Structure formats: C-alpha cells, structure tokens
1. Note the direction-averaged projected area, equal to a quarter of the hull surface, for the Cα convex hull of the protein assembly as shown, in nm².
2. Take the Cβ-Cβ distance between B:Leu165 and B:Asp114 as r, set R0 to 25 Å, and report the resulting FRET efficiency rounded to the nearest 0.05.
3. What are the label-to-label distances in nm, one decimal and shortest first, from B:Tyr182 to the same spot in the other copies, with labels 7 Å along Cα to Cβ?
4. Can you compute the label reach from A:Glu157? Point 7 Å from Cα along the Cβ direction, backbone N cut-off under 14 Å, restricted to segment A:54-93.
5. Within a 10 angstrom radius of each residue's Cβ in A:6-16, how many Cβ atoms of other chains show up on average? Whole number is fine.
6. How crowded by other chains is A:215-227, given as the mean number of beta carbons from other chains within 10 Å of each beta carbon?
7. 222 nm [θ] for the protein assembly as shown, helices only, -39500 (n - 2.57) per DSSP H run of 4+, per residue, to 500?
8. Taking a point 7 angstrom from the Cα of A:His335 along the C-beta vector, which residues in segment A:304-320 have backbone N less than 15 Å away?
2 protein chains.
Amino acid sequence: MNPFVYDIPTKVYFGRDQLGNLSAELAQFGRCVLLAYGGGSIKRIGLYDKIMTQLTESGFEVVELAGIEPNPRIESVRRGVALCKENSVDVILAVGGGSTIDAAKFVAAGACVDHDAWEFFGANAKPIERALPIVTILTLAATGSEMDTAGVISNPETEDKLGRLARPLLPRVSFLDPTLTYSVSPYQTACGAADILSHIMEVYFNTQEDLFMLDKMMEGLMQTVVKFGPVAVRDGENYEARANLMWAGSWAINGFLNGGKRKAWSCHPMEHELSASYDITHGLGLAILTPRWMKHCLSVGMVDKFVSFGVNVFGVDATLEPMAIAEEAIRRLEHFLFEELGLQRTLTEVGIGREKLAEMSRKACRYGDIRGFVTLTPEDVERIYEMSL
Amino acid sequence: MNPFVYDIPTKVYFGRDQLGNLSAELAQFGRCVLLAYGGGSIKRIGLYDKIMTQLTESGFEVVELAGIEPNPRIESVRRGVALCKENSVDVILAVGGGSTIDAAKFVAAGACVDHDAWEFFGANAKPIERALPIVTILTLAATGSEMDTAGVISNPETEDKLGRLARPLLPRVSFLDPTLTYSVSPYQTACGAADILSHIMEVYFNTQEDLFMLDKMMEGLMQTVVKFGPVAVRDGENYEARANLMWAGSWAINGFLNGGKRKAWSCHPMEHELSASYDITHGLGLAILTPRWMKHCLSVGMVDKFVSFGVNVFGVDATLEPMAIAEEAIRRLEHFLFEELGLQRTLTEVGIGREKLAEMSRKACRYGDIRGFVTLTPEDVERIYEMSL
C-alpha cells in the first residue's frame, strides 16, 4: 500500500440559498473579479443577474470573460489571461460546469506568468507555481473540477486536448447548489453521470493494493450514480437526485478515493483524443468507450475486480461463476449507459468513422503505453476504438 | 435536506515513513514546540526519540507536556497552558491518541486567553476564537480528533466530562502511520473500533432526510470496521487492518458524513457520564450502551434504518420481515462487539452498579432531552443504563 498525502482545503457551500456568502468569500481575495462563464445559460436561469447584483452592491469591480466553449479552447484561456493582466484581477469567479472551471484554472495560472498559457501543456510543460485564487459556482455535475487540481484544455490548431494537474489550481471556495442544475438537459445530465461514473471506475479498476474502505466508498458512490443518474435524466427538478449527483461528482475525483494508487487512467486519455478530433461531449465519449475497454481487459486473471463491481454496484448474483458475473456486470453497465441514461451506443452513431483511429491511438499513447488496470499499447487503443464503432 | 458547509483543511500524511516531513510542517508555524504526550508508550515504541532527534537537529526549541491521562483532565490542560505562556510556544505537537490530542486542543485555545481553560465548557462556555496551531502524530485509531474540531475534557472535581467543538481547534497537519498503532493492545484496539463504529452510527441513525451517497459511504465505513476490527485485535501488526481502521477513524467523525444533518448524538452523551463517574474507556462504554440504546429505539415506525444497517453492514437476509431483520442486526452487532472484539458485555462486569444511574441520567440531559434518532428523556437514559447492567 503506497503512502499518500491528503490535502483538499476547498471550502464547499452545499445546498440551496447559499449564494449570500459569495461576496464575503470573494472579498478575502480582493476587489477586482474576473467573472468567467460559458454560452449564456447562466443568464437564462437568472444566475448571472443574481451574481452581478450582489457583486456590484458589494462594491466589486467585475470584468467578464464570456463564451467559454464546451471542451474549452486555449484561445479562451488567452483572452482571460489578457483581461486579468489589463485589469489587475484579484480573483476569478468561474460560473458553469467543468469547461468553464477548467478554463478559469489556466487563466488563473496564465495571469501569473509571462509565457503563453499553452506552454503549461505537453511533454515540456512549464511549471505552475502560482495562480490567482479561484472561486466557483457549479451549474453541472460532471467533471469535479470544482474541488480538484486538474483541468483539460483543447487546442484546435494542433487537434490536441491535454490535461494538467497543479496544486495552485485548486479552487479555494465552491458553491454547489443542486437547484442550479435543474435546467441541465437530459442529454447533458446523462453525459455528466457517465463522466462521474468513469472517474470512479478509473480508480476502482486497479491492480495496486487497495484500502478496502476506499473501495467500499467507491462502490457507494457508483451505486449513487446508478440510482440517481436516470432519475435526474427523467425528472430534472428532482432535488434528491441532483444533490446526490452533484456531491458524488466532487468526491469522485477530488483525490480522496486514490489513497496512494498511482496507476494511469485508461478511458480518459482515449476519450480526450475523440473529443479533441471530433468535439464530442466528454461524458458521451467515455460512455461509448468504457464497456469496450472492460471487454478488452477482462480475463480470468483480472476477473476479481469485475466481480466486486458487478455484485456490489449492480447487484449481480454473487453465486454465479466469476466470468459470468463479469460479463453480466458489463451488460448491466451497458444497459445503464445506453438504455437508462439513453446515451448513444457507438462512435458510428455520433459520426465518427475509421479515418482517424490510428492517429488518435498514437496520440493517446503520446507519453508511452497507458499503464493502467491493463497496459494499453497504441494497438490496444486502436482495437478498443474499433470495438466502439 | 439541509444545506451545509464542507471545510476540512487538515493536511494528512498517511502511511509508513512520512515523519520526515514533520520539521518542514512545524517550521511554518514557528520555532518553539510544545510536545504533548501521554503515559510514555511513545517512548516504548521509539517514537519519542525519533521525534526529538528530528526536532533538535532542525533547531526547534521543545517544551514537554507529558503524562496526559486517558479521559484527559482539565488539570493537564492547565499545565499545558502554563507551559505555553511561560515559553511563548508557537505550535503544539500532540503525539498520541484522542486523549492527548483533545487535551492539546484546549491547551492551544487556553494559551490564547486569560481565563481558566475550564471556562470553555458548560452552559455558559466562553468563545474559542483563536488557538495555537496544532500538529498531530496519531498512535491510536479511535476518536478522530486528528481531523476534527472537537475535544472532550474531564473535571474530576465536579465529575463532569464535557465536549466542545470550535473551528480553531482543527489540527493543521496530522501524521497517520498505521505502524505506530501496531503496539496498541487488543483491548484498546477493540475499544477504538467500537468508538469508530459508534461515531458512524450516531450519524447514520437519523430521521432527517439523507443524502443517499453519504449513507452508502457510512455503510462502507461500518463494513470496514466490522471486517478489520477483529483482525487488528487478533493480529496487531496487520498493516491492512491497521491502515483501514486508522483512515476510517478519521472519516467517521471529521464532519463529511453529516451532510447537513443536525440531530443530536445519543450514545456519546450517555457514555460521557459513565467515563466521567467511573473513568472507564470511552469505546467500551459505547459498546455496552449501543445495543441497549438500539433496543430502546426499535419500533415499527423506526425500523427502516435498522433494516438498511442489518442488510448493508452485517449482511442480514433482506428477504426477512423488517422487525426480524432489525432484531438480527442488533444480535450481529452484539456478536461483533462482545465476541469478535471481545469487549465486556455489561456495566456490572466493569464494576458499575445502580448507585449513580439516576444522577448520571440527569447529567446526560443537563442541556435538555437528548434530541437524537429517538428523543431521550432522563427516564429513557436511566432505562438504557438499567438495561446495560
């Protein structure tokens, strides 16, 4: 069992009507706020007006970075960095889902250096030693960016979508109000649920020695997603479902579940190539790839983790043979993703063909084979893409 | 579902051989360290020498507060406060279990005020606005004091044992090395496991609306204690068991599991009277009381939580009638506490008779009826004590 350091000081206001604390939290960092958001859904739901009223009444100077796209692009980050530098911004308030928060993170880091923000990514990435403080208001349960040190940025020029972890990127304060996700569409809700489930599975399926307690907590979180994902898809204003998905989303990826495990993730690097090349929704890409990846990995020697997953998450009959339990677990996962959440089942359905599979496979392994639950070579990755067509 | 604030910034070094980071962590707070510890077990296991060598080599000035007793007393706190004031202590390093860390917390607070430390307790308690920073090295998995804002102090003069929560008491950094608990006796290990289980049950048995995900995580933590408590009792040097108990102990009570629930705890206030009057080990008192408290609370209207507990923690057959599941759950809990952990089953066995039951019942309700899972009047408390004889 590896040693580890647990250190997640993000303060979270969870529940309805907590936004009254926003000004007090921002004020500890300064008076000039960069308000970062996406395509305007925060205006439709009245959140933008609520925030602006509070901030202007409290005397903040507000600079706006609007229009951050899904799969956020380095160009948006560059715009934000320029705004921070021109206006001597003190703190960034990111209002939105993972895309907005991810972009805000690299704006925060970029504002503290002289080089271009894209240099934070890739094999010779520049260090991230400082960042402006980040406060978030979450409007989509999915990436967990509100409580972790990670972000992913796309560069359409190079067709790269690259992730980066750095301690200064951890949000200082996050507001999680489940009612702010009521208007998320059934499709985006489903993609979010698939993303959350994948974050847990990427850690759960692991050959390193486990802390049993963390495995049990992961199973509990996965049961939560399986139970409430479909409820939120059918009934967007179900508070219980939205609340469970939202808090599960943060804990799926804030690092607590790792407990010293150091294996690489598998489906995320494969998916990042799909959304880098085709701009599909991340959670959808994960949903399509994950069952195929499981089929690729399943063997007699690896069956134990599939058995726990099947029995403890999907309630598969524990008295069956291990391989039968594993296969049934994958079937139930498929049923969950493609029937209950209603996500598309194949790459073909979302307009992705064979044309870039080899190139994407090579790029997914740009830093070497993916050393996860089962090591994946570029050939393995291409096979999994093929299985997903 | 109530809103809540999640805010647990304690940094935790978990696992073997992390103590090398101690000096660097202490140095951020200053150069004069109050080293607080208990009866000397840290000398027997070589930990004292290891710490002193590192601290003196790193140039710290070390003041010692030794001899903090189990069920720590206000007199030890007063001694510590005096040492802090005389020596202008910058940071407190508490090395031990919950008793040592609890005492250190009120030393830390007492060092920042002019009044006596006992005035932090009771109905007219003084506020705790500041405290010296606290760093802990945990040597016993039980109270969770290493990652929470709470402490309990005894006053033998008044036969009071009173708890207090205050934000400044939260340890800044805690070192959790499971190997430091290898030498904990089977009896103390059993008491620790019972304490951890009780912390979770006090939150789990609740009539307020739940976050399903937290209930599932609680069930996972309870399963962890049930699985590894007996292993650690039988085989003290089992790293897996010690590690699971240790990390479960922190998460049982650091506040994460509450998720906005506001009901009072039930068994803890009843137990505090036992250990205030008879100085018995807290975990043992909880073990004796808890099954009786459950029998007192069980009714058709309250049966659901017992059913989840029985099925999901102890694997009771879910097809039985609810009341049968509940009764079987209590039987399995008793088997766990009194057979597998080997704890004493009755108050009589530990030398407690009827003589103070009425007085203790009155004191347990000193702030009014205990408004927990089921509201307990002084008469109810006395009945539960009687059942425990």
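Values in this text are rule-based calculations from the coordinates and carry no lab data. In this text, all values refer to a predicted model and were calculated from it rather than measured experimentally. Counting neighbours? That spans all protein chains shown, and the Cβs are built from the backbone with ideal geometry, glycine included.
1. 32.8
2. 0.65
3. Ordered by increasing distance: 5.7 nm.
4. A:73-79
5. 6
6. Average neighbour count from other chains, rounded to a whole number: 5.
7. After summing the helix terms and dividing by the residues of the protein assembly as shown, the value is -14000 deg cm²/dmol.
8. Residues passing the 15 Å test: A:310-318.
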